[in-house]
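A short worksheet on the structure shown next.
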Amino acid sequence: MIPGTVYKIKIEMGVTSILFHKKHKIRLELASSSFPGYIRNLNTGEPFASGTRMEIARQTVYHSSKYPSRLIIPVIPGSRYDSARHPKP
């Protein structure tokens, strides 16, 4: 990628689920690495296993009328909820 250039990126989240109660909040965090959960990312293009030089990566999420951003979260309306098995916090 070229610094200063805006790229459109689509990130697939995979299958997951969670129950949100009224007034719950969520936060989206983006990172260029999740070591040691995944293989390290040197951010240099060097081979992952043998690379020695590391660079700090910076991500910018643009959110304007020119560069709109969005997070799409599927909702299952009217799903049944067992409050005895899953009490509210």
If one computes P(r) from the Cα atoms of the chain, what percent of pairs lie at distances over 23 Å?
50 percent
From phi via Karplus (6.51, -1.76, 1.60), per-residue ³J(HN,Hα) for segment 48-60 in Hz, x at Gly/Pro
4, 6, 10, x, 10, 9, 10, 10, 6, 9, 10, 10, 10
Taking only C-alpha pairs under 8 Å that are 6+ residues apart, what is the relative contact order of the chain in percent?
15 percent
Rounded to the nearest 20 debye, dipole of the chain from Cβ charges on Lys, Arg, Asp, Glu:
520 debye
For segment 6-16, Karplus-derived ³J(HN,Hα) couplings (6.51, -1.76, 1.60; θ = phi - 60°; whole Hz; x for glycine and proline) come out as 8, 10, 8, 10, 10, 10, 7, 8, x, 8, 7
Under 23 Å between alpha carbons: how many lysine pairs meet that in the chain, if sequence neighbours fewer than 8 apart on the same chain are excluded?
6
Please arrange S50, S33 by how many other C-beta atoms lie within 10 Å of their C-beta, fewest to most.
S50, S33
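Each reported figure results from applying straightforward, stated rules to the coordinates on display, with no laboratory input. Note that the structure is a prediction, hence the values are computed from the model and not measured. Every residue, glycine as well, gets a Cβ built from its backbone with ideal geometry; the counts of neighbours run over all protein chains shown.
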